[in-house]
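Notes follow once the structure below has been shown.
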Amino acid sequence: MFDRQEGARRLSARSGILAPGRNCWRVERATRVAFLIDAEAYFAAFADAVERARRSVLIVGWDFNGGTQLWHGGRGSELPAQLASFLRSVLERRRSLHVNVLDWDFPMLYAMERELLPAYRFAWQMPRRFHFRLDPCCPIGAAHHQKIVVVDDRVAFVGGMDIAAGRWDTPEHRADDPRRRDARGTPFPPVHDVQMLVEGPVAAAIGDLVRERWRCATGRRLPRPVRARSEPWPPGIVPDVVDVGVAISRTEPAYQGRQEAREVEALWLDAIDAAQRWVYVENQYLTAAAVGEALIRRLDERDGPEVVIVGPGRCSGWLEETTMGVLRARLLRRIREHDRHGRFHYYHPTVPGLGDARLNVHAKLMIVDDALVRIGSANLNNRSMGLDTECDLAIEDEGDGRVAGAARGLLVRLLAEHLGVAPERVDAELARTGSPAATVEKLRGGERTLLPIEDDVAPWLDSLVPAAAVLDPERPIPAAELQEMVAPLEPVLPRRWPLLVAAALVLAIAATWAWTPLREWFDPGELVGWLTPLARSPYAVPIVVALFVVGGLVLVPVTLLIVATTAAFGAPLGALYALLGSLVSAATGYGLGALLGRERVRSLFGHRLAKIGNRLSRHGVLVMTVVRVLPLAPFAVVNLAAGAAQIRVRDFLVGTALGMLPGVIGAAVFSEQLLRTVRRPGPGNVLLLALVVVVLIVCGRWLERRVMGTPQDERARRSARHRSSWLGRLRTSVRIPGTPAPSPRR
């Protein structure tokens, strides 16, 4: 590590930080560069640029929502402000224009916060020159996270903002701003973000990056647009710097023959190692292990740089707070243990009137020594270093002071916004102290200010949350390895007398279902009718939980219980009850398996249980998540086997929660639409119910193929296992008369 640090410093002294082929893909010239702070500025600039487009608009993102409001009065345009209507109007006015949108093919986990079936909606509502596609070109567990817009290959926007719901805000971040609402009229918290606008050859290079991504996702190539006499640079945007080299850094995981790119991570490390005076960062997360180690190395130095990081006070939602929030607290503790010289400062912005809400810092920005500015989509988490796709842009000083002036101006604007003071005061204090940290400490303390972030987290919660390598992986797990991890859960026939015991147990349960009221009690209609009156009962939760526990013990399909619960209590509350009941039922089965012990359960399920224990002990959370999402084994059997295998309770519960959540959400959507159809059996409701069923089936089959592969893949795996056996090796080394010779490998 010391050699890397010294090498980066020598590089900085000789030719700068940016190095194509190592920490960036390409460096191309920009005729103009501007920094857009917060979505009010970005969305207005986007609309101005698209309105001036002649040939091509390329949009790729983690999210895209046609109901997004681009502006709220005062723009003076005749075009509608809603994104889908705006694009439709632009296409109708400009017959030579094509708009291509590539949106991440998100999993069901995000269904509640995304636009429903966007591909079909846009296919019905938009002109033929609007092309919307979903991007599935990601390894299992990865996301397409780039946020890019390219207009006519002349200008490009890159940063942390998707054109989606929950993004629009002004630099004031007023707690009660009535304009900050999504398409359904629901208010969302204030959000801070940053985007970079570039013009010139660098925009064409970014267009090449987007077109390659389109080819990966769709299998089709987009041609470069014919050069048009367009000037898409927004007329109201004054550039911060002109005629400068812009580096394009990527994160791309190895997938389907594509090589891995970790330029984003390399640029983070090189920029930190090259810093002389200070590093200023704004980011949504702080869990990246490699970046944390780089900061620790510099903080250990007696004359190292100071580090100022601005992030959100709390993560978004309880799931992130109990996962990424805990991982952040752990890394913060490690960093502060090494901050012997008091140079590390971590703040979160606040505005008056928020109460228990938060100001979401969604920016992904870095400024180093007034010499380098970096803006993009990459978070400071492990995923952004090697698992998700990312794109960052960076400019550095070329010796004439122009970038240094732009970097200082950007820092002043950001601190003035967060501290609620005039930029002139920030500039004067920064000139006096030469230190962003000293400037913040001098000026903070008003109603709108920056507050230190602590690293405290409840010990019981810290003990439950797995390591960062599980919740925040930095590389994809190959599908073949994932298949090998879950393959031991395939059914195996027990031998000798355990077969009789297992058969007797199955017959006993079957007889109970046939000759007792159990079958009637667990009829779907009876369940819904019995549970519905409990909606307002104070005993609803314990009764539902008890139902799940008993149902799990007598092998009632957990899907039936989930659908009945969500149908009886409604989608939001029923989903919460179903998830809680599933977790308690799973824990009960786990405890029973642990009580019976490995040998007794092994006698029922075969000797392969030992292999299950080995896999779970190494990849407990991941395997539990997969077996909950995919029907690889019955719910109750998995609980029993996991307890007998003595995997960690934490891994079992976290994996069960993560794996059950998509199914619970899907069941809630299905049951709600089913009840709506039963009550009002019109053609529209029937069609929508059929569509929900089809979507759930397609999603399940898609996920199964992603993890388990096609039948041809399974036959190939069996053939490979046979070749690796002693008989297979014998057959390939000894030619048996009458058998064909083995074919050569290709």
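Things to note:
- Extreme residue, farthest from Trp278 (Cα to Cα), among residues of region 437-458 that are touching a Pro at 6+ places or on another chain (Cβ under 7 Å) and open to solvent by 40 Å² or more (accessible area, probe 1.4 Å): Glu447
- Given (1) touching a strand residue (DSSP E or B) at 6+ places or on another chain (Cβ under 6 Å); (2) touching a residue at least 24 places away in the same chain (Cβ under 8 Å); (3) open to solvent by 30 Å² or more (accessible area, probe 1.4 Å), index of the condition Gly236 fails: (1)
- Selection status of Glu282, more than 20 Å from Leu359 (Cβ to Cβ) and either in contact (Cβ under 8 Å) with a residue 60 or more places away in the chain or open to solvent by less than 40 Å² (accessible area, probe 1.4 Å) (or both): no
- Residues located in region 246-259, provided they are out of contact with any Ser or Thr (no Cβ under 9 Å at 6 or more places or on another chain) and open to solvent by 10 Å² or more (accessible area, probe 1.4 Å): Ala254, Tyr255, Gln256, Gly257, Arg258, Gln259
- If the condition is being more than 23 Å from Gly386 (Cβ to Cβ), assigned to a strand (DSSP E or B) and of a type outside the set (Val, Ile, Thr), then region 232-270 contributes Asp243, Gly245.
- Residue match in region 49-60 (condition: part of a helix (DSSP H, G or I), under 29 Å from the mean Cα position of the chain (by Cα) and either at pLDDT 95 or above or more than 26 Å from Arg174 (Cβ to Cβ) (or both)): yes
- When Leu102, Leu134 are checked against the criterion of being of a type outside the set (D, E, K, R), modelled with pLDDT of 90 or more and under 26 Å from the mean Cα position of the chain (by Cα), a single residue qualifies: Leu102.
- Among the residues of region 183-200, those identified as under 22 Å from Pro349 (Cβ atoms) and assigned to a loop (DSSP other than H, G, I, E, B) are Phe188, Pro189, Pro190, Asp193.
- Which numbered condition Thr350 fails, given (1) out of contact with any Cys (no Cβ under 8 Å at 6 or more places or on another chain); (2) hydroxyl-bearing (Ser, Thr, Tyr); (3) at pLDDT 95 or above; (4) closer than 21 Å to Ala39 by Cα: (3)
- Given (1) touching a helix residue (DSSP H, G or I) at 6+ places or on another chain (Cβ under 6 Å); (2) modelled with pLDDT of 95 or more, number of the condition Pro80 does not satisfy: (2)
- Residue list for region 348-405, filter: open to solvent by less than 10 Å² (accessible area, probe 1.4 Å), farther than 24 Å from Met324 by Cα and in a loop (DSSP other than H, G, I, E, B): none
- Filter result for the condition that a residue is of a type outside the set (Val, Ile, Thr), open to solvent by 10 Å² or more (accessible area, probe 1.4 Å) and within 24 Å of Gly434 (Cβ to Cβ), over Glu301, Glu321: Glu301
- Pair list, Cβ under 9 Å, 6 or more apart: region 166-192 residue closer than 23 Å to Gly420 by Cα and of a type in the set (A, V, I, L, M), other residue modelled with pLDDT under 90 and open to solvent by 80 Å² or more (accessible area, probe 1.4 Å): none
The values are calculated or read from the model by the stated rules, or taken from the named source; none is laboratory data. Not measured: the values here are computed from a predicted model. Don't worry about glycine lacking a Cβ; one is built from the backbone with ideal geometry, like all the others, and counts go over all protein chains shown. For accessibility, only protein heavy atoms count, side chains too; no ligands or nucleic acids. Shrake-Rupley method; radii C 1.70, N 1.55, O 1.52, S 1.80 Å.
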